[in-house]
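First comes the structure, then the notes that go with it.
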Amino acid sequence: MDTNPNRLRRPVVAGYLYPKAPHELRQFLDACEPVPHPAPARGVIVPHASYARSGRIAGETLRATRIPRQCLLIGPHHDGSGQRWSLMTRGTYHTPLGDVPVDTALASALQHACPRLRTDEASHRTEYALEVVVPFLQAWGPAELSLVPLLVSEEDAVEIREVVGMIAPVLRQTPEPVLIVASADLSAHLPDDATRRADAELLRHVRALRGGEVLRCARDLRLASCGPAPIACALELARLLGGQEAQILRYGTSADTGGDPGSATGYAGVLLN
């Protein structure tokens, strides 16, 4: 058991959502489609289900992306407890591939710019949505990779615009580019054909970088989705940082990888430019 108080958490989901053994995890990562020239991006959207269900979509999207030294990870807070905007400002993510530090300087700068971002370590210790993305960043990012993890349970479009409006200038002024990584699944618990129809509507707004419309669409369709808030944050941030479009690199549902077609979840890998 990991008793280091400065470590964010031990890999409690390894073996459940992704391989626990380092060699098995490497084998999965190596099987993701290689890209000769990964593209620079302002951000990406990737799913956070098990690697068996959505890992290829997440992995092949991130393998196609040039990963800089600093990444801002934005994910949902599945159990809804804790702060609406839960920021990790210190510590280390631990996966079977090793440790990745939290970028304390960047996290502190974001918190100084936006008081709504509250330090909330307890929420991060019980949430898996960001952890499952980290091995991909370790595999294809630089050795000096660092992370700023942010969990979001707020789905009010006005508040999201206010928050991203305060943190965008910080990201714009960093000496190096910061990659925005939104961890988000799409429609869930619908028949496969209904999932695909709902996701097509969501992705129509994603392509246009309309975060508020993603939130409205999810509400209007009454989707059981753990993704609209992180997606909206990423889209609004990308737009404020000069982004103009989103490219859907990969799409699929859990039914494509052996899941129940009567209760499917949609997954997309999106590049934000």
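The values are calculated or read from the model by the stated rules, or taken from the named source; none is laboratory data. Since the structure is predicted, the reported quantities are computational estimates derived from the model, not experimental observations. In this analysis, Cβ positions are derived from the backbone assuming ideal geometry, glycine residues included, and neighbour counts consider all displayed protein chains.
So the values come out like this:
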quantity	calculated
Top-ranked residue of segment 72-103 - restricted to ones that are hydroxyl-bearing (Ser, Thr, Tyr) and within 20 Å of residue 47 (Cα to Cα), ranked as surrounded by the most Cβ atoms within 10 Å (Cβ to Cβ)	93
Residue that is surrounded by the fewest Cβ atoms within 10 Å (Cβ to Cβ), among those in segment 246-261 that are among the charged types (D, E, K, R) and more than 21 Å from residue 71 (Cβ to Cβ)	260
Qualifying position, being among the acidic types (Asp, Glu) and buried (at least 21 other Cβ atoms within 10 Å of the Cβ), among 201, 213, 236, 176	236
Which numbered condition residue 267 fails, given (1) of a type in the set (Ser, Thr, Tyr); (2) within 23 Å of residue 59 (Cα to Cα); (3) surrounded by fewer than 18 Cβ atoms within 10 Å (Cβ to Cβ)	(3)
Out of 158, 152, sole residue that is free of Cβ contacts under 8 Å to residues at least 24 places away in the same chain and closer than 21 Å to residue 211 by Cα	158
Candidates 186, 209, 190, 203 - the one that is closer than 30 Å to residue 112 by Cβ, touching a residue at least 40 places away in the same chain (Cβ under 8 Å) and of a type outside the set (Val, Ile, Thr)	209
Test: residue in segment 248-255 that is closer than 30 Å to residue 166 by Cα and assigned to a loop (DSSP other than H, G, I, E, B)	no
Boolean, residue 162 is of a type outside the set (S, T, N, Q), at pLDDT 95 or above, closer than 25 Å to residue 63 by Cα and not in a strand (DSSP E or B)	no
Test: residue in segment 231-241 that is out of contact with any helix residue (DSSP H, G or I) (no Cβ under 7 Å at 6 or more places or on another chain) and in contact (Cβ under 8 Å) with a residue 60 or more places away in the chain	yes
Answer residue from segment 172-183, given it is touching a residue at least 60 places away in the same chain (Cβ under 8 Å) and part of a loop (DSSP other than H, G, I, E, B) and is nearest to residue 62 (Cα to Cα) among those	177
Top-ranked residue of segment 20-44 - restricted to ones that are within 19 Å of the chain's Cα centre (by Cα) and in a loop (DSSP other than H, G, I, E, B), ranked as surrounded by the fewest Cβ atoms within 10 Å (Cβ to Cβ)	40
Single residue of 48, 124 found to be surrounded by 16 or more Cβ atoms within 10 Å (Cβ to Cβ), under 25 Å from residue 186 (Cβ atoms), modelled with pLDDT of 90 or more and not β-branched (Val, Ile, Thr)	48
Top-ranked residue in segment 99-143 [being assigned to a strand (DSSP E or B) and not aliphatic (A, V, I, L, M); ranked as farthest from residue 173 (Cα to Cα)]	99
Test set (1) surrounded by fewer than 21 Cβ atoms within 10 Å (Cβ to Cβ); (2) part of a strand (DSSP E or B); (3) not polar (S, T, N, Q) - residue 169 fails condition number	(2)
Single condition residue 238 does not satisfy, out of (1) out of contact with any Lys or Arg (no Cβ under 7 Å at 6 or more places or on another chain); (2) at pLDDT 95 or above	(1)
Tabulated pairs, segment 253-273, first free of Cβ contacts under 8 Å to residues at least 12 places away in the same chain, second assigned to a helix (DSSP H, G or I), C-beta under 8 angstrom, 6+ apart or interchain	260/254
Search result, residues across segment 58-98 that are modelled with pLDDT under 95, closer than 27 Å to residue 173 by Cα and either in contact with a Cys (Cβ under 6 Å, 6 or more places away or on another chain) or among the charged types (D, E, K, R) (or both)	76, 84, 90
